[in-house]
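**Q** My questions will all concern the structure given below.
We did not get these values from a lab; they are worked out from the coordinates using the rules stated. No experiment lies behind these values; they were computed from the predicted model shown. Backbone-built Cβ (ideal geometry, glycine too); neighbour counts: all protein chains shown.
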Amino acid sequence: MSMYISHKLQYVDADLGFKFSKSSNEMAFCDFMEQVLVDCLELKGVSLRGLSSPRLNDIISSMGGLQNLSLRLGQSLLPRTLRAIMVFPHLSELEVHAGHVEIEDLERNHIGGQFPSLRKLRIRAKSNLVQNILHQIQRNNLRYLHIELDDPSPSTASWNTILSLVCEQAASSLRYLRIEHHFETPEIPTLSALDTAQSLNALQNSITSTMSFDDIRILCVVKKLRHFACDVTLPPLFRDRDIADLATWWPDLEHLELGSAPQGDEAESRVTGSQITIASLESFANQSPNLKKLILPLRIGDRPFPSTPSHPLVANQLRSLTIAQLRSCKPLELAEYLRRLFPLLEGFEGPCDDAQIWTDTKAALVKHRISQF
């Protein structure tokens, strides 16, 4: 591997595999990385995926000159390595999978000056560790943040605290924010198996999301946000008036993703996480001039489509719209309404979008667009 060494080497990207073995290959790679550490003074970035040895962890901990670092090492990432990279002086971009690291593993790190240059963070960890990391990031440095919670259930995820910390640390700097939390939901018995209405209510309460729209509302102070995505197993409850508020928060927003509603027969017995109607689209047409991609947990049925928007529309830029369900049997009317709201709309997508109802609606959208020119 020494043949790959160049004094001008700037990036190392390696897939180590997830089958642990103390092989000659592992030793050779560690030898290589130690030589890189000594000889490659222009090294800027390292990306590692797979299982890491303690020796390799120690090498990573010594690479204090890095600007970009991606560690997708699973449980082979040692807490001492995470503590070490937190004080790398030039580190501006970090991706780390640390679902196994407990908050106690970092509490010994009291030397100060954590993440002095960090501008982009992608982290997968338990909620309490995410909170600890956010506390230590330098205020108003962060521009890009992707949080994926690794909590096994929603009961331990405190979105209110996490999003409040996001605002506290990056209200004037953040441009990109994506939040994720995926977990197994309980089995949903058929309605015939439920003896009483109380049983159904208890079941629904047991799977209700711990994220509310009020948690999302905290982010209204992040005025320069351009990309926001909320992708959680049990999304918060959205209503048309909530969407009307949200559409006014971020004037520079280009991408908005609020998830999609559950699909299939079981969806009707679940807390769906959405009560928005097609009327919510007018809020974006009126208030979001820079929005280009919109993903909503919206079900469109056969309710009458407004003939004209209630307010003059801004010159919006929306190109792509994704919804959760389409049951309208009036594709021509729907296409006409969407085209009035979003003159530049090119993509209209959702589950089963090869079905006839989708095909007819998309064809009508194309026809309406051609007729404009």
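**Q** Classify the range 1-104: rounded, prolate or oblate, from the alpha-carbon gyration tensor (a ≥ b ≥ c, eigenvalue square roots; a/c under 1.5 rounded; otherwise prolate if a/b is larger than b/c)?
**A** Oblate, because a/c is 1.5 or more while a/b does not exceed b/c.
**Q** What spacing in nm lies between the two simple spin-label points modelled at ASP13 and GLU349, each 7 Å away from Cα in the Cβ direction?
**A** For the pair ASP13/GLU349, the computed spacing is 2.3 nm.
**Q** Loop-only chymotrypsin sites (Phe, Trp or Tyr not before Pro) in the range 3-48, please: DSSP not H, G, I, E or B, and at most 11 other Cβ atoms within 10 Å.
**A** PHE18
**Q** Ranking request for peptides 128-134, 246-252: highest mean number of other beta-carbon atoms within 10 Å first, then the rest in descending order.
**A** 128-134, 246-252
**Q** Per the Kirkwood formula on distinct C-alpha pairs, the Rh of the range 81-145 is how many angstrom?
**A** Roughly 11.8 Å, rounded to one decimal.
**Q** Take the alpha carbon gyration tensor of the range 18-73, find the square roots of its eigenvalues, order them as a ≥ b ≥ c, and report rounded if a/c is under 1.5; if not, report prolate when a/b exceeds b/c, else oblate.
**A** Oblate shape, in that a/c is at least 1.5 and b/c is the bigger or equal ratio.
**Q** Same structure again: Apply the Karplus parameterisation 6.51 cos²θ - 1.76 cosθ + 1.60, with θ equal to phi minus 60°, to every residue of the range 214-231 and state each ³J(HN,Hα) to the nearest whole Hz, in sequence, with x for glycine and proline.
**A** Per-residue couplings from phi come out as 4, 5, 5, 4, 3, 7, 4, 7, 8, 5, 9, 5, 10, 9, 9, 9, 10, 10 Hz.
**Q** Then there's this: So, by mean Cβ neighbours within 10 angstrom, what's the order for 234-243, 216-225 with the highest one leading?
**A** So the peptides 234-243, 216-225, ranked by packing, come out 234-243, 216-225.
**Q** Taking 30 Å as the cut-off for C-alpha to C-alpha distance, list the pairs among LYS120/LYS292; LYS19/LYS293; LYS292/LYS330; LYS224/LYS330; LYS8/LYS292; LYS223/LYS367 that go past it.
**A** From the list (LYS120/LYS292; LYS19/LYS293; LYS292/LYS330; LYS224/LYS330; LYS8/LYS292; LYS223/LYS367), the Cα-Cα distance tops 30 Å for LYS19/LYS293; LYS224/LYS330; LYS8/LYS292; LYS223/LYS367.
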